[in-house]
Amino acid sequence: MRWTADEMMTVAAARALVGRTSCFVGIGLPSTAANLAKRTACPDLALIYESGTIGARPTRLPLSIGDGELAETADAVVSVPEVFNYWLQPGRVDVGFLSAAQLDRYARINTTLIGPDYRHPKVRLPGAGGAPEIAASCREVILVVRQNPRTFVDRVDFVTSVAAGAWVITDLGELAPDPDTGELVLTRLHPGVCVPDARAATGWDLRVAATVARTEPPTGTELSALRELLAAS
Amino acid sequence: MAELVSLADGIATLVGDGDTVALEGFTHLIPMAAGHEIIRQGRRDLTLVRMTPDLVYDQLIGAGCARKLVFSWGGNPGVGSLHRLRDAVEHDWPRPLELEEHSHAGMANRYVAGASGLPFAVLRGYRGTDLAKHTATIAPVTCPFTGEVLTAVPALRPDVAVIHAQRADARGNVQLWGITGVQKEAVLAARRSLVTVEEVVDRLDPRPGATVLPGWVVTAVAVVPGGARPSYAQGYYDRDNGYYRDWDSISRDRASFTAWLGEL
């Protein structure tokens, strides 16, 4: 079975959730991967959305973080103050699963604006949402982001969230923080991708680990589950 | 006891020019019809407060009703940009829009402080971000017991909160269920409140997990079936995801938005 780079990214991100109990899910790429994980290796993973739906089991991908399907299938539906104060803030959620419009080498995330001037941005982006506290309060943070020089930048235009220590899964491979400096280092490549590809897709001088692992291609089961999920949505 | 009113009378009486107005509903139960009535009545200089501006504030901003926006996430969920919000921020159209920008956790806690009658709320938030540089309502505070430096955000006290709920009874007791967001906090934080409902029933049968706002904390109730469309009302109708996608093209340029506004 052939697959696309986006499919490889989503499958790799779903695999990253193996062994986790709970995941605070951002919308978009992270939500697709978290829902794939629930259909493949992690059926018992508790998906938590910022709308207050805890333990949601949607049958199709939600378009927003507050679709009715999430509330109907959740173990518990709590208020928005409660989901942030009681569930996220104390650090009881294993993984925060987020994306980004811009990302720098220290996993600082920008989802606020493009351009140098806050008052007169070139492009106004949606803003913070739940991300600053999801990035700070989950025990671990995984970012799911397509790798290209527009997104992987030397300097973010605005620091919306700080995901220091996060691990990044892209359509090309994976980056992990250097234990001493915190700088993101290329540690893994997906099948068919080489180091120069990853460097060319990065807006800073990308460091590469001494040994770069190779991702196992998606299995037929993973690809079928992903395609069924997307087709149903 | 809440007064039963028409939507037009409720907006005319409770929402004035220059007011700070919070239309809440987190993806679910968004008071869209109330937003449209505010546009029809031509309110101006509003400070609009809402965690997720969504289509309802994109419309109010594009219609020129707003002077300022207090918010935490201004996108079209799962679709992309709110183009009227962007046009106001990027090009001052139809008028400049002042922003007061927070995170969801910060906004939720600001409503909690307002509902609690406290001047501010405390959270472990915003650390290392640029938000505090641009938002005056984010400040560090030191815990007097542990010395931990936390973040303080001031209470939100809107002049009026507007929410949509599934139903109410004749005494104005309001019942909502499903994703209940920050609506209870918004109503309790506000000086006045208007609740639009799908229906008024003789008796509110208890429902597991439902939030009830007693009629004596609600100023007015208006029956507006479908008042949350194209968002949804659990148990009544589903979210119209197709309309959220359509809004992207309706709102993308000023001419098509202005045509939409003319038909409202």
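The values are calculated or read from the model by the stated rules, or taken from the named source; none is laboratory data. Since the model is a prediction, treat every value here as computed from it, not as a measurement. With ideal geometry, Cβ positions are generated from the backbone for all residues, glycine too; neighbour counts draw on all protein chains shown. Each accessible area value is taken on the protein alone, full model and side chains, heavy atoms only, with ligands, DNA and RNA left out. Shrake-Rupley method; radii C 1.70, N 1.55, O 1.52, S 1.80 Å.
Of the residues in segment B:37-60, how many are among the polar types (S, T, N, Q), open to solvent by less than 20 Å² (accessible area, probe 1.4 Å) and within 19 Å of B:Gly16 (Cβ to Cβ)? Qualifying residue count for the region: 1. Of the residues examined, B:Leu131 is one that is at pLDDT 95 or above and either within 12 Å of chain A (Cβ to nearest Cβ) or surrounded by fewer than 18 Cβ atoms within 10 Å (Cβ to Cβ) (or both).
With respect to (1) within 12 Å of chain A (Cβ to nearest Cβ); (2) of a type outside the set (S, T, N, Q); (3) crowded, with 19+ Cβ neighbours inside 10 Å, the lone exception for B:His91 is condition (3). The requirement of being modelled with pLDDT under 95 and more than 14 Å from chain A (Cβ to nearest Cβ) is not satisfied by B:Pro214. Annotation: of all residues in segment A:117-136 being assigned to a loop (DSSP other than H, G, I, E, B) and open to solvent by 60 Å² or more (accessible area, probe 1.4 Å), the one that is farthest from the other protein chains (Cβ to nearest Cβ) is A:Asp117. With respect to A:Gln89, determine if the residue is open to solvent by 30 Å² or more (accessible area, probe 1.4 Å), in contact with a Ser or Thr (Cβ under 7 Å, 6 or more places away or on another chain) and not acidic (Asp, Glu). Yes.
Checked against the criterion of being touching a residue at least 12 places away in the same chain (Cβ under 8 Å) and in contact with a His (Cβ under 8 Å, 6 or more places away or on another chain), the candidates A:Ser31, A:Ser51 yield just one match: A:Ser51. When we screen B:Ala34, B:Ala63 for residues that are open to solvent by less than 30 Å² (accessible area, probe 1.4 Å), under 13 Å from the mean Cα position of the chain (by Cα) and either among the polar types (S, T, N, Q) or at pLDDT 95 or above (or both), the only hit is B:Ala34.
The number of residues in segment B:8-31 that are open to solvent by 30 Å² or more (accessible area, probe 1.4 Å) and either of a type outside the set (D, E, K, R) or more than 21 Å from B:Leu264 (Cα to Cα) (or both) comes to 5.
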